[in-house]
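First up is the structure itself, then whatever we jot down about it.
Each value in this text was obtained by applying a stated rule to the coordinates, not by laboratory testing. Remember, it's a predicted structure, so these values are computed and weren't measured experimentally. Cβ placement follows ideal geometry from the backbone for every residue including glycine, while neighbour counts extend to all protein chains displayed.
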Amino acid sequence: MPGNAPFRHIGRPMPRTEDARLLAGGAAFVDDLPELPGTLHMACMRSPVAHGRIREIDTSGALGLPGVHAVLTGAELGDRIAPMVADRDKAGFRETRRDILPADTVRFVGDTIAVVLADDPYVAEDALSLIVADIEELEPVVAIDAALADGAVLVHPEIGDNIPFSIAQTTEGFEAAFAAAAAVVSDVFTSTRLAGVAMEPRGCVAQVDVGLDSLTLWSSTQVPHLLRLAIAELLDWPESRLRVIAPDVGGGFGPKAHVYPEEILCAYLARRHGRPVKWIGDRQDDFLTTTHARDSRFAVEMALSADGDILAVRNHVDVNIGAYACFPFGANAEAGGGAIYMPGAYRFAHYDFRARSVMTHTAPAGVYRGVAAPVAHFAFEGLLDRAARKLGLDPLALRRRNLLRPDEYPHVNAAGIRSDGGSHHECLERALAAIDHDGFRAAQPADRRIGGRLVGIGVACITEHTGQGASRYRTRGLLRVPGMEGATVRIESDGNVSVAISQSTQGQGHLTAFAQVVAESLGVDPEQITVSEGDTALSPFGSGTFASRGAVIAGGAAYRASQEVAAKIRRIAAHHLEVAEGDIELVEGHARLKGVRQMALSLREIAGIAHSLDPRALPEGEEYGLEARRFYDPPGVVLSNAVHAACVSIDTDTGQVRVERYVVAHDCGRIINPLIVAGQVHGGVAQGLGQALMEGVHYDETGQLLTTQLLDYIVPLAADVPDIALCHVETPSSDTLLGIKGAGEGGVIGAVPAIALAVNDALAGRGAMVSRLPLSPEYILSLMTMPAPGR
Amino acid sequence: MRPASFRHHPARSVDEALTLLASEDEDARILAGGQSLVPLMNLRMAQPSALIDINGCDDLGRIDEAGGWIEFGARVRQREGELSTAVRARLPMVAAALELNGHPATRHRGTICGTLAHADPSAELPAVAVALGAEMVLRRQGACRIVPAEAFFLGALETCIEPGEMLAAVRFPVQPARAGWGLAETGLRRHDLALAGIAVAMLPAGVTRICAFGITPEPLRLPTLEAAADDLPRSGGTPATQARIAEALAADLEGADLVDTLHASARYRQQVTATLAARALADARQRASQETAT
């Protein structure tokens, strides 16, 4: 890795220091924390209907059950907890509210209508069955079209329709460019709703110090600081008395980046009853109430010249966001993303988009790894396949023609997003070579049939929006996402290093990666550095872990803080070694005169000086301690890019798709640790494969959730995921500290279109192309046996 | 995800289990591996009043071969059956079905009788039991009755086991040397519940028994297809053969209550069952001819 030549720790494939603990069962998730004395267990009664008016909830039976401490309904709660309001009225947005415990109207199967506190979780669950809810059932709207229809039932009548967010933008000259095209291709691409399915469902424990009126809340969250902010706001409680801790978290993937009613209720009830309150969701709670995603429809048109230049693209996105706008991302995350993410790796000047969020009586939908990008790229790449067929061009040649070249950067795309670089052509050629594209084509029969299977290859070129800073969130209209991250780096008096990061980790390898960044500045072994995350009392304020921002922003903050500490170490060392600061280097745990091993002070000695534990004094004017707290807020957004290539085969009898080979050429700028990047890509591809081939949340027409268990919601298992070959391409960003770009979502973003394109190729002999996800055996079989659509 | 309360009675022998069962009310259930029952209890879809736990019953843990039958006691784990040399040699379709049942981890715990008594429509073993003509040994305190597999399964998660009764054992007729068999299924994932499947048992005397699973609430014998099987040409894959199989299957499925779910419609299930039947029949023929050769 020549780009990393000046680095000793950054870029090193260092095994993750957290793994031994995680793999040996040493981790402590919320439910593993020792139970606090006097703990009350909370169970939630969920609305059995999608839309209804609560007439009465009779809790007397539950209250009579031995072991039940209290039962709370919305009517009894009154206005003691403020409603969650994620968006304010402004251009494009309409304000809606979510009551933490609805007293009047229920808006999805899973809205919480009563909570039980009991001495043990079994009794709490028994008590739920003794609550009698009298709810007047009202007509629900479940799907996008029904919610948009004239006279549709309104989820939040106060906003006048079911569209809390809407945005439209057209480049100047769009219509003329579109009209001048030699060919236009269009289609409607749809994606079935997904669930994030973290291994650990949500859960939290609240403890209140009654005398101090202070709260500690442990929660399985990705956003401890934003959760604290929400508790302060909704419960009118000073932030200074609130501490939120995300202990080990068993997967996040976005859904846990939202604040949920259970967290607010546990905090409220612990304060009200003066006892710890614990709630641990199960898989059914998770499917019912944890945010869904990707319930979207992209109606897309692409206009091209006869030679295959993309001239203009029209993109109308509608996203079903369920019953409530989620805190903190509000109503616009997926719809806005669906519009903004589409112009990715390809060059086109004219873009017309309209994006709407549509409310329905289903579980709230929000951010999930990749947000709208997997479907946006599925649609865009799908149109490129259609264009190639219509124009009689080779699909790869069409892509090569339209991919942005390195010399076109920095580039501002048709959606107005600036990017400082992209290695699309290099990634494409590396991926094609690694999957032996030419060999595959040579062996592939014209009718694609080998034995009882159809074989195909798909190549998708994608970008990933990462490291979004404060300016980007302000532009997007988000009020509660600060955008920056913070880090504290402290050399303890014995010379060991403590680092506290404003994020929280759900298994991404943060503790190793940030130790490598700090080690780089301080010239110590990463093993000497202890990184902690997820505790608002220990770390500076920040946004949290989502949207591929960890490496870029928290990494940047850790780098800045460690550089500041390094500068102080140099000053102290220069003073005592009587040399110039600029001649001091930090290596192997020492500050020394460059190249002179004998002229050195150990970090331990310097720490002793800084903590007044050494006969030598600090230089005059120098503050005690060796500590710095710094924030980092990168400019705008930085785009990572990748090319995914997949070979698939389809069983012609059953329609079942099998992914046979898989290659990713991935560029996330400067790599902190290639093993961690590989892990991110592998996991992302597995999730993308799930969306492409099998996953789906389904409601019936009355709004009843049909997929409430892992029996019904099918996720890929190890045997379904092929080996994934990975080529690292490293084009450091000029916009971010250290040139880092994010890597958390590219895997899933690329896998969805790549697998879909490979299926298109396998079906090429039949003339069919896929336009909806997932590519279930039944859907594929229907494409093979029915006449192909005209386009 | 927390079961309602229940009484738990560990038993150390089949007689003790039957006594405990007789002393309990009619909502008592047998607990063996618990791989199906316990998840249902966690969802409170099953709320047994009591569990008679037979994991300590060593006398139910045997695989016995005698008189042309192999008998599996109620505590024989699926993995034990799958790896048994007697089973692999003389009941190869049972071993194959067990390999498709769940995952190694669940098979180490789950029992052969358990998957039969659970009677999940997508399970392989009930259909294999019907195709092979297995017999269920149902015992209650002081009584025992033998029920042919075909009469045992009444519907989805429904069998003829009565209150106070337990499936104490299942026995399969040992397959003759020149028997052929075929087992084909398809699911959404590589190791998944079957959306549709076919078990074919082809006996040397020209008797073919075919049973479908995953497409109807209970394992379904396919008599028309069985009758047609002998006339089908040996090469399985021709369009003409395929059409004849589909036609026979359509006759067998006339009026059947076909499973129709999110993951696969009734139409899809019927369509793939025809191609699975062709595969399973071809496999059975090939195995029968191999057996003849050796």
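Kindly state, to the nearest 0.05, the FRET efficiency for A:Gln528 paired with A:Asp209, given R0 = 25 Å and r defined as their beta-carbon distance.
Values: r = 35 Å, r/R0 = 1.39.
E(calc), rounded to 0.05, equals 0.10.
Among the lysines of the protein assembly as shown, pairs at least eight places apart or on separate chains and with Cα atoms under 30 Å apart come to 5.
Over segment B:1-116, the alpha carbon radius of gyration divided by the compact-protein estimate 2.2 N^0.38 Å works out to 1.13. For the protein assembly as shown, what log10 I(q)/I(0) values come out of the Debye formula at q = 0.04 1/Å, with one point per alpha carbon and no solvent? Result of the Debye calculation: -0.24. Per 10 Å bin, what is the whole-percent P(r) computed from every C-alpha pair distance within segment A:203-275? Using 10 Å bins, I get a P(r) of 22, 58, 19, 2 for segment A:203-275.
Near A:Val531, the amide H atoms lying under 5 Å from its own belong to A:Val499; only residues 5 or more places off or on other chains count, and H is placed 1.01 Å from N.
Of the complete DSSP H runs in chain A, those spanning 27 angstrom or more by Cα along the long axis with a mean Kyte-Doolittle score not below -0.5 are A:555-577, A:674-693. Here the label points at B:Ala250 and A:Val587, each 7 Å from Cα along the C-beta direction, are separated by 8.2 nm in the simple model. Toward the positive end of the charge dipole of segment B:1-143, with +1 on the Cβ of Lys and Arg and -1 on the Cβ of Asp and Glu, the farthest Cα among B:Ser84, B:Phe6, B:Leu60 is that of B:Phe6.
Shielding by partners for peptide A:276-282, expressed as the average number of C-beta atoms from other protein chains within 10 Å of each residue's C-beta, is 1.
Counting alpha carbon pairs within less than 8 Å and at least 6 residues apart, what relative contact order, in whole percent, applies to segment B:7-53?
Working: 52 pairs, mean separation 26.0, N = 47.
In percent, rounded to a whole number, it is 55.
With the alpha-carbon atoms of segment B:7-53 aligned to their principal axes, the span from lowest to highest coordinate is 30, 21, 12 Å, starting with the largest.
Coordinate range of the alpha-carbon atoms in segment A:551-690 per principal axis, descending: 82, 33, 25 Å.
Averaging 1/r over every pair of different alpha carbons in segment A:418-533 and inverting the result gives a Kirkwood radius of 19.2 Å.
Take each residue of peptide B:185-194, count the partner chain Cβ atoms within 10 Å of its Cβ, and average: the result is 5. The slack in the chain from A:Gln704 to A:Arg441, taken as 0.36 nm per residue of separation less the alpha-carbon distance, amounts to 90.0 nm. Counting neighbouring Cβ atoms within 10 Å and putting the fewest first, the residues A:Cys427, B:Cys57 line up as B:Cys57, A:Cys427. Modelled spin labels at B:Arg145 and A:Arg53, positioned 7 Å past Cα toward Cβ, are 5.5 nm from each other.
Could you line up B:Thr186, A:Thr731 from fewest to most neighbouring Cβ atoms inside 10 Å?
Working: B:Thr186 25, A:Thr731 22.
Going from sparsest to densest Cβ surroundings: A:Thr731, B:Thr186.
Each principal axis of the Cα cloud of segment B:145-294 was taken in turn, and the coordinate range along them, longest first, works out to 49, 38, 30 Å.
About its Cα centre, what dipole magnitude does segment B:59-173 give when the only charges are +1 on Lys and Arg Cβ and -1 on Asp and Glu Cβ, stated in debye to the nearest 20? Kindly include the intermediate steps, with their values, before the conclusion.
Details: 12 positive and 14 negative charges, 61 e Å.
Dipole size: approximately 300 debye.
With R₀ fixed at 30 Å, the C-beta to C-beta distance from A:Arg616 to A:Asp19 puts the FRET efficiency at about 0.15. Inter-chain Cβ neighbour count for B:268-280, averaged per residue, equals 3 (cutoff 10 Å, partner chain atoms only).
The value for segment B:59-173 of Rg(Cα) / (2.2 N^0.38 Å) is 0.96. By the helix-only formula, in which each DSSP H run with n ≥ 4 contributes -39500 (n - 2.57) and the sum is divided by residues, chain A has a 222 nm mean residue ellipticity of -8000 deg cm²/dmol.
Length gained on full extension, A:Ala537 to A:Gln169, computed as 0.36 nm times the residue gap minus the Cα-Cα distance: 128.2 nm. About its Cα centre, the protein assembly as shown has a charge dipole of approximately 2180 debye under the convention of +1 per Lys or Arg Cβ and -1 per Asp or Glu Cβ, with nothing else charged. Inverting the pair-averaged 1/r between distinct Cα atoms of segment A:415-475 gives 15.2 Å as its Kirkwood hydrodynamic radius. For A:Ala719 and A:Ile450, FRET efficiency with R0 = 30 Å and r from the beta-carbon atoms, rounded to 0.05? That gives a FRET efficiency of 0.90.
The base-10 log of I(q)/I(0) for chain B, evaluated at q = 0.10 Å⁻¹, reads -0.53 [Debye formula, identical scatterers on Cα atoms, solvent excluded]. Extension gain, B:Val38 to B:Val207, is 56.9 nm, computed as 0.36 nm per intervening residue step minus the present C-alpha separation. Over segment B:180-293, Cα pairs under 8 Å with separation of 6+ residues give a relative contact order of 35 percent.
Exposure proxy check: A:Lys594, A:Lys278, A:Lys568 ranked by fewest other beta carbons within 10 Å? Before the final figure, lay out each step's value.
Numbers: A:Lys594 11, A:Lys278 25, A:Lys568 20.
Listed from fewest to most nearby Cβ atoms, that is A:Lys594, A:Lys568, A:Lys278.
A simple spin-label model places pseudo-atoms 7 Å from Cα toward Cβ; at B:Ala227 and A:Ala180 they are separated by 7.3 nm.
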